[in-house]
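Notes to accompany the following structure.
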There are 2 protein chains.
Amino acid sequence: MRPKPEAPASSQGDAHEQWQAKDVLTRLRSDIVSSVYEPAERLKFADLRARYDVGIGTLREALSQLVSEGFVVVEVGKGFKVAPVSIKELNEITDLFLDLEKRALRSAIANGDENWETTIVALHYKLNLIESLPWEDRMARHSEWVKRHRDFHESLVAACTDTWLFRLRSMMFDQLDRYRFVTKKAPQGLGQHKFTEHRKIMDATIARDAATATALMEEHIRDTSRRVIDLL
Amino acid sequence: MRPKPEAPASSQGDAHEQWQAKDVLTRLRSDIVSSVYEPAERLKFADLRARYDVGIGTLREALSQLVSEGFVVVEVGKGFKVAPVSIKELNEITDLFLDLEKRALRSAIANGDENWETTIVALHYKLNLIESLPWEDRMARHSEWVKRHRDFHESLVAACTDTWLFRLRSMMFDQLDRYRFVTKKAPQGLGQHKFTEHRKIMDATIARDAATATALMEEHIRDTSRRVIDLL
DNA sequence: TTTAGATTTATATTCGAAAAAATGGGAAAA
DNA sequence: TTTTCCCATTTTTTCGAATATAAATCTAAA
């Protein structure tokens, strides 16, 4: 597969390692979401190649996908760069996400079984392990929090039977995720109140109270977006 | 750029030719939409390379984007294949598209100016040039109809100020487009009635009658989807 | 000094070769 | 007959070199 003469035969620490293209895609997206790169920063192949240790073709493949997802923009002959951000766009994304999310949540509440409930409880517990930590510790485990927060939110709508609705919702969630950390100042979504908000949303969802759950979700998301706008 | 020794220096008939990657993406998507490939058909690099006359890397880049767009699915180590189709998915896409389309249409009606109106009229005229033709001629200019139909529908919502709403709407329109021709039997959307439907939708839109326009749009789209399901 | 053209440098794009999987088929063992 | 293993073939995945384009720098004339 890769003509790289290194790698002493199957002794990798991380165990899987069986797909560079997808791996790079994930890491690149994660880095963009975490604001490793500035919003309109150029993504040069030479730099990326050094950072992710892959060939040009593989990078190009990953970047192309990110263009489709809206994280990266490309201009013919001038390469790729991180998509810019704006308050207007954040408002669009927030509205669109909430619309999709509420529909997905209603579907999940109508269709979810016991395994769905169990997963929610489990992932909420994991999220809480970080959220109930003192400030410094939470900050230290920032990227872990991002993942757990993502997983918890996704679990709420995981029982949604509509594939495309789920897909579009997740797209918009990723976009929101980026805005959540677009500012270098105190990361949003780590406030004290989120602690209780997540619990309330979970309770209403599992109690199959769609009206309450969607209302709480709306307030939860809008609150975060408002805070981001204040710092933008 | 390309180490291809052919191409006698800037004497191309089609004039642009300056972007293989994007060109291949467009052609591939167009071929998938037009059912050149069967729904679950494998897309082998050897075949594609012969058909589109580009290198493997370029193909990979295009296919990756199509994965993000939902036209192609990929399995690690087993390559790419055309996304499958199902009645369930068509229903999902129809619902999702209509929801987005109606919102975009309302936004466009609220924000559109005279140029917007003019473009709609122009593109509707162009579409009509084909739609008012006798059956055989319409069939002969099938791919042209696809493009004009697409352009007309897009012009209706072109004045929508919400970028992401527009973007997602277009994604779903493309998906619907595929289903419209997924069956080899009489292509859908070419019926006589579409002729009048398009005119009515245009009239209501330009008259800024959002309620009527969205209602007509809903009936227009649902009618097509119903016909597709009957043949699926 | 400023501008226009030419040259150099930096960067993006494309390709095919090479390595790694996966697939298929046939022989040997059960 | 059925299963398993091995090997040949096909196909995918990855990489870097080769080419083309854009940006930057320099030079010379106005």
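Kindly express, to the nearest 10 degrees and within the range 0 to 90, the angle between helix A:87-111's C-alpha long axis and the longest C-alpha principal axis of chain A. It works out to around 60 degrees. The contact between chain A and chain B removes approximately 2800 Å² from the accessible area (both sides summed; 1.4 Å probe; ligands, DNA and RNA excluded). I want to verify a result. In a Gaussian network model of chain B, Cα cutoff 10 Å, which of these has the top mean-square fluctuation: B:Asn115, B:Asn128, B:Asn91? Among B:Asn115, B:Asn128, B:Asn91, the largest mean-square fluctuation in the Gaussian network model of chain B belongs to B:Asn115.
Give me the net charge for the shell around B:Ser170: Cβ to Cβ below 11 angstrom, other residues only, Lys and Arg +1, Asp and Glu -1.
Working: positive: B:Arg150, B:Arg167, B:Arg169; negative: B:Glu69, B:Glu101, B:Glu154, B:Asp174, B:Asp177.
Every neighbour counted, the sum reads -2.
Ranked by solvent-accessible area (1.4 Å probe, protein heavy atoms only, all chains present), the residues B:Tyr179, A:Tyr37 order from largest to smallest as A:Tyr37, B:Tyr179. Solvent-accessible area of chain B (1.4 angstrom probe, protein heavy atoms only): carbon and sulfur portion equals 53 percent.
Between copies, the label points of B:Leu232, set 7 Å from Cα on the Cα→Cβ line, lie 3.8 nm apart, reported in increasing order to one decimal in nanometres. Computed over protein heavy atoms with a 1.4 angstrom probe, the accessible surface ordering of A:Val36, A:Val157, largest first, is A:Val36, A:Val157. Measure nothing fancy, just the Cα-based angle from helix A:210-231's long axis to the longest principal axis of chain A, in degrees from 0 to 90, nearest 10. Compared with the principal axis, the helix lies near 50 degrees. For chain B, modelled as a GNM whose springs connect Cα atoms under 10 angstrom apart, the maximal fluctuation among B:His193, B:His153, B:His220 occurs at B:His193. Dipole orientation for the protein assembly as shown: of the candidates A:Leu123, A:Ser155, A:Tyr52, A:Tyr52 has the Cα lying most toward the positive pole (charges on Cβ; Lys, Arg +1; Asp, Glu -1).
Using the beta-carbon distance between A:Lys88 and A:Glu38 and R0 = 22 Å, what value does 1/(1 + (r/R0)^6) give for FRET efficiency, to the nearest 0.05? Let's see the in-between values first.
On the way: r = 19 Å, r/R0 = 0.86.
Once rounded, the FRET efficiency stands at 0.70.
Remark: chain A carries 50 Å² of accessible area per residue (probe radius 1.4 Å; ligands, DNA and RNA excluded). Each other copy holds its own label point for B:Ile87; taking that point as 7 Å from Cα along Cα to Cβ, the gaps run 5.0 nm, nearest first. Burial of accessible area (probe 1.4 Å, heavy atoms of protein chains only) in the stretch A:93-124, relative to its chain alone, reaches at least 40 Å² for A:Leu96, A:Arg103. For the stretch B:87-231, the equivalent ellipsoid built from the Cα gyration tensor has semi-axes of 23, 19, 13 Å, listed from largest to smallest. For B:Val72, nonlocal amide neighbours, meaning residues 5 or more places apart or on other chains whose placed amide H falls under 5 Å from its own, are B:Val67, B:Ala83. With the whole protein complex present, B:Ile56 retains an accessible surface near 90 Å², based on a 1.4 Å probe. Residue and distance for the chain B Cβ closest to the axis that moves B onto A, in whole Å, come to B:Ser68, 2. To the nearest ten degrees, helix B:56-69 and the longest principal axis of the Cα atoms of chain B are 30 degrees apart.
Highest mobility in the GNM of chain B, judged by mean-square fluctuation with C-alpha springs under 10 Å and restricted to B:Asp137, B:Asp177, B:Asp151, is found for B:Asp137. Counting only other chain Cβ atoms within 10 Å of each residue's Cβ, the peptide B:58-70 averages 5.
Let me cross-check B:Leu165: its accessible surface, 1.4 Å probe, with only protein heavy atoms counted, in Å² to the nearest 10? That residue has around 10 Å² of solvent-accessible surface. Modelled spin labels at B:Arg167 and A:Leu231, positioned 7 Å past Cα toward Cβ, are 2.2 nm from each other.
Net length available on complete extension from A:Glu218 to A:Asp113 is 35.4 nm, with 0.36 nm assigned per residue and the Cα-Cα distance removed. Counting heavy atoms of the protein chains alone, B:Thr118 has an accessible area of about 80 Å² for a 1.4 Å probe. For the stretch B:117-232, compute the number of Lys pairs whose alpha carbons are separated by less than 22 Å, excluding pairs fewer than 8 positions apart on the same chain. Lysine pairs meeting both conditions in the stretch B:117-232 amount to 9. Label-point distances for A:Ala110 to the equivalent site in the other copies, using a point 7 angstrom along Cα→C-beta, read 2.7 nm when ranked shortest first.
Taking a ≥ b ≥ c as the square roots of the Cα gyration tensor eigenvalues, the stretch B:72-140 comes out oblate, since a/c reaches at least 1.5 and a/b does not exceed b/c.
The values are calculated or read from the model by the stated rules, or taken from the named source; none is laboratory data. Just so it is clear, the model here is predicted, and its values are computed rather than measured. Because the Cβ atoms are built from the backbone with ideal geometry, glycine has one as well, and the counts that use them run over all protein chains shown. SASA here: full protein model, heavy atoms, side chains in, ligands and nucleic acids out. Shrake-Rupley method; radii C 1.70, N 1.55, O 1.52, S 1.80 Å.
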